[in-house]
Amino acid sequence: MSIIKLSKQIPDPRVTGRTVHKMEHIIYITIAAVLAGCQTWDDIAEFGRTKKEFFKSRLVGLEHIPSHDTFNRFFSIFDPKGFEQIFRDWVKEIVGEVKGIVAIDGKLMRGSSKCDSEHTLGKDDFRMWIVSAWSSDNNISLAQEKVGDKTNEITVVPKLLSAIDLKDTIVTIDAMGCQTSITKKIREGNGDYIIALKKNQKTSYDFAKDIIAEYTDRDYQGIVSKHTSFDRGHGRLEERKCIVVSYGSTTQKMFKNKFEGLKSIVGILSRRTIVSTGETSEENRYYVTSLGNERPEGIANAIRKHWGQGKSQLKKNESWLGRKLPVKTFGGERILMRPPWAPVVHTSSTMSRCLCSRLSAMLPPGA
């Protein structure tokens with residue numbers, strides 16, 4: 001499905017007969033500009049003007065590039081939810097079947113504010129949380145949900161999972177995933193999970209810690225499996241030992257059926273040494289998973305993709321979500337936030353001109 005066909009499925013929120021630019025043109029230019037790295041409405045308009053011939057060759061009837069105010073006004077009355085679902089379908093069509101690691105994580109949005117007649121610049125104590133699903137293998141954000149004012153991340157995660165095809169995936173999630181409803185949702189979707197345990201979940205954390213400690217220096221075939229890896233970089237040497245203990249279906253009962261389909265307890269024992277000084281530090285982390293203990297290396301890699309290498313990419317992706325969108329109304333909510341697909345932020349005009357100049361210089365003539 002092309003972006004043009006995608007856009008035509010969306011109701012135009014503008015008054016019929018009082019528009020100059022076609023809705024699909026505005027959406028097409030916006031998506032192209034954002035994918036190219038534009039971050040503000042000024043960037044998008046400037047990018048459109050710079051690559052006008054490119055867009056005219058692909059958009060039938062395009063005569064002029066919309067102004068930055070036109071982009072701003074259009075998306076201020078645009079319904080993001082309807083577009084998000086269609087956009088997700090388009091992404092699925094491009095990416096294909098999602099497999100591998102799906103990392104679920106929450107992020108507090110920077111610069112978010114809620115405006116009303118009494119607080120025209122936003123409430124000082126307002127905080128906005130976004131929960132996102134990141135495909136490590138596809139390197140793309142699959143879905144995201146905003147946490148409501150009177151709810152928390154735990155109630156949002158099942159809704160987020162419902163928007164994703166979880167078959168043959170491994171969902172990695174931090175302590176907010178320690179809910180029966182969440183693990184049940186993942187298993188019903190034919191997916192597996194790896195959930196981090198934290199010290200404030202005293203019963204589960206201490207139980208997992210004791211089990212791993214019992215098998216750290218002992219080997220029992222069929223019950224425990226281990227994998228050790230070494231990594232050197234940034235002046236540090238790190239040794240990671242992954243210990244996976246499984247009692248089969250009995251494991252779930254040992255945790256009082258809190259985790260649907262639970263099979264194994266995982267311990268990651270890390271030892272980091274600073275090469276120049278010889279200073280050493282140790283850290284132990286504990287997880288529960290629906291995976292068996294047959295492939296400890298695969299479990300260790302999945303954990304590292306989320307809480308190690310992949311975590312930085314997930315945070316980098318989410319950092320775009322924390323930037324301000326220069327409109328006070330979006331999709332009926334008076335909130336400064338970005339559309340679910342666009343990392344649009346407010347920057348100085350000088351920065352915008354420099355960015356567009358770099359983008360234009362990178363693109364070949366006629367691209």
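The values are calculated or read from the model by the stated rules, or taken from the named source; none is laboratory data. Because the structure is predicted, anything quoted here is derived from the model rather than measured. With ideal geometry, Cβ positions are generated from the backbone for all residues, glycine too; neighbour counts draw on all protein chains shown. Accessible surface areas use protein heavy atoms only, side chains included; no ligands, DNA or RNA. Shrake-Rupley method; radii C 1.70, N 1.55, O 1.52, S 1.80 Å.
Search the stretch 71-104 for residues being touching a helix residue (DSSP H, G or I) at 6+ places or on another chain (Cβ under 7 Å) and more than 30 Å from His306 (Cα to Cα), and hand back the single one that is most open to solvent (accessible area, probe 1.4 Å).
If we take residues in the stretch 71-104 being touching a helix residue (DSSP H, G or I) at 6+ places or on another chain (Cβ under 7 Å) and more than 30 Å from His306 (Cα to Cα), then Asn72 is most open to solvent (accessible area, probe 1.4 Å).
Just to be sure I understand, how many residues within the stretch 249-270 are of a type outside the set (Ser, Thr, Tyr), surrounded by fewer than 14 Cβ atoms within 10 Å (Cβ to Cβ) and free of Cβ contacts under 8 Å to residues at least 24 places away in the same chain?
2
Quick grid of which residues meet (1) among the polar types (S, T, N, Q); (2) touching a His at 6+ places or on another chain (Cβ under 6 Å); (3) under 27 Å from Ile4 (Cα atoms); (4) at pLDDT 80 or above:
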site: Lys92; (1), (2), (3), (4): no, no, yes, no
site: Gly96; (1), (2), (3), (4): no, no, yes, no
site: Gly106; (1), (2), (3), (4): no, no, no, yes
site: Arg110; (1), (2), (3), (4): no, no, no, no
site: Ala163; (1), (2), (3), (4): no, no, yes, yes
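Could you please give the count of residues in the stretch 134-169 that are in contact with a Gly (Cβ under 7 Å, 6 or more places away or on another chain) and within 16 Å of Asn190 (Cα to Cα)?
Number of matching residues: 4.
Just to check your reading of the model, which residue among Thr273, Thr280 is more than 17 Å from Ile211 (Cα to Cα), exposed (fewer than 14 other Cβ atoms within 10 Å of the Cβ) and among the β-branched types (Val, Ile, Thr)?
Thr280
If you check Asp174, Asp219, which single one turns out to be modelled with pLDDT under 95 and open to solvent by 80 Å² or more (accessible area, probe 1.4 Å)?
Going through Asp174, Asp219 in turn, just one is modelled with pLDDT under 95 and open to solvent by 80 Å² or more (accessible area, probe 1.4 Å): Asp219.
Could you check how many residues of the stretch 299-311 are surrounded by fewer than 21 Cβ atoms within 10 Å (Cβ to Cβ) and modelled with pLDDT of 95 or more?
Residues flagged as surrounded by fewer than 21 Cβ atoms within 10 Å (Cβ to Cβ) and modelled with pLDDT of 95 or more within the stretch 299-311 amount to 0.
Report, by residue number, each residue of the stretch 189-216 that is surrounded by fewer than 13 Cβ atoms within 10 Å (Cβ to Cβ) and within 20 Å of Val171 (Cβ to Cβ).
Residue satisfying the conditions is Asn190 alone.
When you go through Asp116, Asp79, Asp124 one by one, which is the residue that is at pLDDT 75 or above, over 25 Å from Gly298 (Cβ atoms), more than 18 Å from the chain's Cα centre (by Cα) and among the charged types (D, E, K, R)?
None of the other options fit; the residue is Asp79.
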